[in-house]
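This report refers to the structure that appears directly beneath it.
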Amino acid sequence: MGLVVQKFGGTSVGNVDRIKHVANRVIETVKGGDQVVVVVSAMGKSTDDLVSLAKDITENPSKREMDMLLSTGEQVTISLLTMALQAKGYKAISLAGWQAGIQTEACHSNARIRKFEKEMISNHLAEGKIVIVAGFQGVTENGEITTLGRGGSDTTAVALAAGLNANRCDIFTDVTGVFTTDPRVVKTARKLSSISYDEMLELANLGAGVLHPRAVEFAKNYHVKLTVRSSMVEEEGTMIEEEVSMEENLVVRGLAFESNVTKISVCGMPNDICGLSNLFTTLATNNINVDIIIQNVIDSENTNISFSILSEKLTETLEVLEQNRQNLQFQEILHDTGLAKVSIVGSGMISNPGVAGQMFKALSNQGILVKMVSTSEIKVSTVIDQSEMVKAVETLHEEFELDKINVPV
């Protein structure tokens, strides 16, 4: 008998009929001889509805109370799915994150899992039960409920798979696998039969919404066999693994994009050895994630430092910078909103020079201005005007012939 962890997203459990369909998918796995742990998200857009309710009360709700509120969404789903399984004659039990033994750091709204105590789940499995776990949530060592950030149910599933030494972890979603880019935006996007952990991690960090970045990180670190597949149709998905066979001439394997990006420029900072450290340590201490960074030295005494963030963090970032103006000693802050990030990813870029130049030329030919650039061994990211985002993605998808790849399905 094997052990399988299955995760179903909000769309997959969006209404009662879909919850019953998920129950049938779980039962099929059980009939195949496997023990099953299921991780679920909140139903449909219920998390957005809860956020809207909070905003009706106050524009600035505390992060602790938001975690208390948002954690209820998944608890609704686990109860209903457990009832659906019990109604079909199967033993099942629902567990909130804290009941399942998921302990996190003391950081509300975007906590990281610190450890997983598997005894509770293991005991229920030994009793022949299907265990349904609320994704996206955990508890601190002091008993505070926390959430893992948007997409955190993916992380919950992979963490459980690692901790339980599961045979595999299946991420069921509303798409049939990992595509060269979002098929809802680029109609010629093609499904990949497999992709490496590193490539998937880059794509996830760069805005591809199919998997949460920390879930991929967990899978890579603990060698979890991970598959992304559709909850709606029976079709082979995409395997995420350590090494994949490279399709012929496939230098770039995927495109990711992210809207609502803001560029912040901290101008007139002292040009000394501690300037960068002081600035980004201050931001990190306040849990503000920074992406692309550019330093522009003005003269021997002054420097300008620009970086990109998600626009939703703009107000908080400006407040933190102003509160630390005396320590950081900058002259002014500028910000540029209405931006987007478009990135190309592929392990083949390591051994193929000139990919960045090809990317910039393709964008230039379309009149698309690049405002910021970031690179690694397997990716190139550009920040452009958000109004040009879709055109840029379509252009680059065609430029690197991702629409012509004969990808096995």
(message) Considering only segment 196-203, I want to know if a residue exists there that is without any contact (Cβ under 8 Å) to a residue 12 or more places away in the chain and of a type in the set (Asp, Glu).
(response) no
(message) Consider segment 16-61. How many of its residues are hydrophobic (A, V, I, L, M, F, W, C) and either open to solvent by 60 Å² or more (accessible area, probe 1.4 Å) or not in a helix (DSSP H, G or I) (or both)?
(response) 10
(request) Report yes if residue 399 is open to solvent by 50 Å² or more (accessible area, probe 1.4 Å), within 20 Å of residue 201 (Cβ to Cβ), touching a residue at least 24 places away in the same chain (Cβ under 8 Å) and touching a helix residue (DSSP H, G or I) at 6+ places or on another chain (Cβ under 6 Å), otherwise no. (result) no
(request) Return the total of residues in segment 290-312 being farther than 18 Å from residue 385 by Cα and surrounded by 13 or more Cβ atoms within 10 Å (Cβ to Cβ). (result) 6
(request) Identify all residues within segment 62-83 that are over 16 Å from residue 37 (Cβ atoms) and open to solvent by less than 40 Å² (accessible area, probe 1.4 Å); write none if there are none. (result) 66, 67, 70, 71, 73
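Does residue 319 satisfy the condition of being in a loop (DSSP other than H, G, I, E, B), open to solvent by 40 Å² or more (accessible area, probe 1.4 Å) and under 30 Å from residue 214 (Cβ atoms)?
The answer is no for residue 319.
Could you pull out the residue among 309, 344 that is closer than 30 Å to residue 149 by Cα, outside any helix (DSSP H, G or I) and touching a Ser or Thr at 6+ places or on another chain (Cβ under 7 Å)?
309
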(message) Looking at residue 11 and the list (1) closer than 27 Å to residue 143 by Cα; (2) under 21 Å from the mean Cα position of the chain (by Cα), which single condition is not satisfied?
(response) (1)
(message) So the check is Cβ under 7 Å with 6+ separation or different chains; which pairs have a first residue in segment 110-138 that's without any contact (Cβ under 8 Å) to a residue 60 or more places away in the chain and among the basic types (Lys, Arg) and a second one that's part of a loop (DSSP other than H, G, I, E, B) and surrounded by 16 or more Cβ atoms within 10 Å (Cβ to Cβ)?
(response) 118/101; 118/164
(message) Condition first: open to solvent by 80 Å² or more (accessible area, probe 1.4 Å) and either assigned to a strand (DSSP E or B) or modelled with pLDDT of 95 or more (or both). Now tell me which residues in segment 365-387 satisfy that.
(response) 365, 366, 369, 375, 387
(request) Take segment 117-138 and flag every residue that is over 21 Å from residue 9 (Cα atoms), in contact with a strand residue (DSSP E or B) (Cβ under 6 Å, 6 or more places away or on another chain) and either open to solvent by less than 40 Å² (accessible area, probe 1.4 Å) or among the aliphatic types (A, V, I, L, M) (or both). (result) 124, 125
(message) Which condition from (1) in contact (Cβ under 8 Å) with a residue 40 or more places away in the chain; (2) among the β-branched types (Val, Ile, Thr); (3) in contact with a strand residue (DSSP E or B) (Cβ under 8 Å, 6 or more places away or on another chain) is the one that residue 93 breaks?
(response) (1)
(request) Select from segment 177-188 the residues that are surrounded by fewer than 21 Cβ atoms within 10 Å (Cβ to Cβ) and either within 23 Å of residue 222 (Cβ to Cβ) or touching a residue at least 40 places away in the same chain (Cβ under 8 Å) (or both) and list them in ascending order. (result) 182, 185, 188
(request) Can you give me the ranges of the strands (runs of 3 or more DSSP E) entirely in segment 64-157 with at least 2 residues that are among the hydroxyl-bearing types (Ser, Thr, Tyr) and either at pLDDT 95 or above or within 23 Å of residue 19 (Cα to Cα) (or both)? (result) 145-147
(message) Please determine whether any residue of segment 185-201 is under 12 Å from the mean Cα position of the chain (by Cα), more than 19 Å from residue 37 (Cα to Cα) and not in a strand (DSSP E or B).
(response) yes
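The values are calculated or read from the model by the stated rules, or taken from the named source; none is laboratory data. As the structure is a prediction and not an experimental result, all values here were calculated from the model. Here the Cβ is made from the backbone with ideal geometry for all residues, glycine too, and neighbour counts use every protein chain on show. Only protein heavy atoms, including side chains, enter the accessible area calculation; ligands, DNA and RNA are left aside. Shrake-Rupley method; radii C 1.70, N 1.55, O 1.52, S 1.80 Å.
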